[in-house]
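Just below is one structure, and these are the notes that go with it.
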Amino acid sequence: MQAIKLINQGIAFLLEIAMLISLVYCGFQMVEIIALKYLLALAFPVIVAVLWGIFNAPRSAHRLAQPLRMFFEMALYIVTAILLYKTGSITMAIALGATAIITEIVAFVLKN
């Protein structure tokens, strides 16, 4: 059981990184104006990383309790999947969303 928990934590970490990279991609793909492309590509992941750090980081003074933390994480993953879908990256949106759902379910069941 401990091995499954450790593997799920590793997948969850990779999923967080994938979310931030996806947000850079989405920010860059959403508009045609060059300056705005770079602004959104920088702003999207920075905003999500700051929110994640405030409400989800293990040592944060404002860390959400379960199940709110799970809903917060899923909301960020769903928003990212929707943005990926809007940019035409349907396969990436489905992969990110499905992986997030599975990872969150496993974490919830294992009380991670």
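What follows is calculated from the coordinates using simple rules that are stated; it is not laboratory data. Predicted model, so just to flag it, every value in this text is computed and none were measured. Please note: Cβ atoms are built from the backbone with ideal geometry, for glycine as well, and neighbour counts cover all protein chains shown.
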_I'd like the orientation of helix 2-29 relative to the chain: the angle between its Cα long axis and the longest Cα principal axis, in ° from 0 to 90, rounded to 10._
10 degrees
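Multiplying the sequence separation of Leu42 and Ile54 by 0.36 nm and subtracting their Cα-Cα distance, what value in nm do you get? The partial results should precede the final answer.
Details: separation 12, 0.36 × 12 = 4.32 nm, distance 1.86 nm.
Here the answer is 2.5 nm.
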*Name the residue, out of Ile54, Ile82, Ile34, whose mean-square fluctuation peaks in a Gaussian network model built on the chain with Cα pairs under 10 Å.*
Ile34
*If the chain between Phe13 and Leu68 were fully stretched, how many nm would it gain, using 0.36 nm times the residue separation less the Cα-Cα distance?*
17.9 nm
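Where nothing but the Cβ of Lys and Arg (+1) and of Asp and Glu (-1) is charged, how large is the charge dipole of the stretch 2-109 around its Cα centre, in debye to the nearest 20?
On the way: 6 positive and 4 negative charges, 39 e Å.
For the stretch 2-109, the charge dipole is close to 180 debye.
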_Reachable aspartates and glutamates from Lys5, criterion Cα separation under 20 angstrom, eight or more residues apart if same chain_ = Glu16, Glu73, Glu104
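Which loop-located trypsin sites (Lys or Arg not before Pro) does the stretch 19-64 contain, where loop means any DSSP state but H, G, I, E or B and the Cβ has at most 10 other Cβ atoms within 10 Å? Could the numbers behind the result be given before it?
Working: sites: Lys37, Arg59, Arg63; in loops: Arg59, Arg63.
Counting only loop positions with at most 10 other Cβ atoms within 10 Å, the trypsin sites (Lys or Arg not before Pro) in the stretch 19-64 are Arg59.
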